[in-house]
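Some notes on the structure that comes next.
Nothing in this text is a laboratory measurement; each read-out follows from the coordinates by a stated rule. Everything numeric here is computed off the predicted structure, so don't read it as measured data. When we count neighbours, we look across all protein chains shown, and the Cβ atoms used for this are built from the backbone with ideal geometry, even at glycine.
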Amino acid sequence: SQQGEEDPQALSIQEGENATMNCSYKTSINNLQWYRQNSGRGLVHLILIRSNEREKHSGRLRVTLDTSKKSSSLLITASRAADTASYFCATGGTSYDKVIFGPGTSLSVIP
Amino acid sequence: DGGITQSPKYLFRKEGQNVTLSCEQNLNHDAMYWYRQDPGQGLRLIYYSQIVNDFQKGDIAEGYSVSREKKESFPLTVTSAQKNPTAFYLCASSIWGQNSYEQYFGPGTRLTVT
């Protein structure tokens, strides 16, 4: 029962460029979360945006949420080689529900 | 030093054997989760537990079993009934409530069954 779907599946950019990843989902949500996973490691939580928020920032990360289009985007500015990882969006349900993860976007930042 | 630990990091088993993966957390979280990740893919939920002595099946529970006897511990057993057990297994924990909360993940256990 997959909810979020990231786009693109893979992205390759030069160091210093911005990286944008998108997430679309199907049903109403309470919040949407973004996670990062370095190869062979566990996931690390990056940012959570609630359904009544439109934009949120954390360092070089900017997340937007458009509930009318059921979509979210994650922007990483001034990318670094260390940003190379897979990025997952996860949607949180409206009541006492588990979080559902999308298939992820694989980001490669070339030095 | 709060966090969530999984052991071992790598595990090798022969086909037909049951194997138990360990997951411990000291974050005082009520909820714990087990996910399976296959190469290049997202996470699929195996089981989750919201409270001690209670757990729920996720999307791919067949061939797996869990227990939650203590708040801190949520071991996963991969049984011989699991048709394709080789995968990367991730454990996570979170606060449980009306709104979904961020999950804290362990480092994972890579299971290889031959």
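For this structure, a couple of remarks:
- Residue that is farthest from the other protein chains (Cβ to nearest Cβ), among those in region A:37-55 that are under 18 Å from B:LEU111 (Cβ atoms) and assigned to a loop (DSSP other than H, G, I, E, B): A:SER39
- The condition (being in contact with a His (Cβ under 8 Å, 6 or more places away or on another chain) and within 14 Å of another protein chain (Cβ to nearest Cβ)) is satisfied by just one residue among B:SER49, B:SER94, B:SER100: B:SER94.
- Of the strands (runs of 3 or more DSSP E) entirely within region A:56-111, those holding at least 2 residues that are at the interface with chain B (Cβ under 10 Å from one of its Cβ atoms) and under 13 Å from the mean Cα position of the chain (by Cα) occupy A:85-92, A:99-101.
- For region B:18-32, a residue qualifies if it is closer than 17 Å to B:THR109 by Cα and either exposed (fewer than 13 other Cβ atoms within 10 Å of the Cβ) or more than 13 Å from the chain's Cα centre (by Cα) (or both), and exactly one does: B:ASN18.
- Residue count for region B:1-17, restricted to those that are exposed (fewer than 13 other Cβ atoms within 10 Å of the Cβ) and either under 20 Å from A:PHE88 (Cα atoms) or under 10 Å from the mean Cα position of the chain (by Cα) (or both): 0.
- Residue match in region B:34-49 (condition: farther than 21 Å from B:GLY97 by Cα, part of a loop (DSSP other than H, G, I, E, B) and either touching a Leu at 6+ places or on another chain (Cβ under 8 Å) or among the hydroxyl-bearing types (Ser, Thr, Tyr) (or both)): no
- Check on B:ARG68, farther than 20 Å from A:LEU48 by Cα, within 11 Å of chain A (Cβ to nearest Cβ) and touching a strand residue (DSSP E or B) at 6+ places or on another chain (Cβ under 6 Å): no
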